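Taking it in order: structure first as structure tokens, then the write-up.
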């Protein structure tokens, strides 16, 4: 009966994590570039002394569950037109590679860019594209084609000037990238090394200027999962309560 307490407690911890993750998904439904997460559970087994005649001498019994890891689902989100020339969405596979202030590289699908004080494309959180290039202050009509080529009209010119190319990064296992907040992710050993390519090349999506990719959260799916997680939490709480009552009864019988 003591085991029932630990098993139900493990269920409560696991379902609480599930509820927290689902709640975060729902809260970010309108956040551009947000990718929903999901929780993976594993069974916990405990070794016990086997019954006589068992060939192995030990048996394994269920001992609850625990959260193995939380992964991110990078399924494509809907495209929303903004008509802002600095909004760039990735239609397909790939990430924008950004450089943090300490020099580390992070990755995002959120393509809401701004031109910073030095003329570089940067996110709303101040992170620049790692392979960025300055945009002259006297330029106008910034265009980004589907292959990532960035061109502008310089003052006094009638022909466009190509400034550079926005390259994309991709991973063999993007679902195990580490979320570091603000729709940004850090590379991990499990995700593999980043590979780079031009938008539109095999294995990489194309860019769409004037669009943002919305969150890939489905309200009906998340609410259904939330209801099931809440019910599972309640059932584990009832098992915990029932186990406590039975133990109390057993304890009173000994008096």
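The values are calculated or read from the model by the stated rules, or taken from the named source; none is laboratory data. Everything quoted here is computed from the prediction, not taken from an experiment. So basically every Cβ, Gly included, is an ideal-geometry build from the backbone, and we count neighbours across all protein chains shown.
Do you know which residues across the stretch 67-94 are closer than 17 Å to residue 142 by Cα and assigned to a loop (DSSP other than H, G, I, E, B)?
Residues satisfying the conditions are 82, 83, 84, 85, 86.
Return the residues of the stretch 29-51 that are modelled with pLDDT of 90 or more and more than 18 Å from residue 224 (Cβ to Cβ); say none if nothing qualifies. First the steps, then the outcome.
From the stretch 29-51, those modelled with pLDDT of 90 or more are 29-39; that's our starting set.
Passing the criteria: 30, 31, 32, 33, 34, 35.
Do you know which residues across the stretch 95-130 are surrounded by 14 or more Cβ atoms within 10 Å (Cβ to Cβ), in contact with a strand residue (DSSP E or B) (Cβ under 9 Å, 6 or more places away or on another chain) and part of a loop (DSSP other than H, G, I, E, B)?
If the condition is that a residue be surrounded by 14 or more Cβ atoms within 10 Å (Cβ to Cβ), in contact with a strand residue (DSSP E or B) (Cβ under 9 Å, 6 or more places away or on another chain) and part of a loop (DSSP other than H, G, I, E, B), then 100, 109, 110, 111, 116, 120, 125, 127, 130 are the ones that fit.
From the list 155, 229, which one is over 18 Å from the mean Cα position of the chain (by Cα), at pLDDT below 95 and assigned by TED's automatic domain parsing to the domain that holds residue 28?
Matching residue, one of 155, 229: 229.
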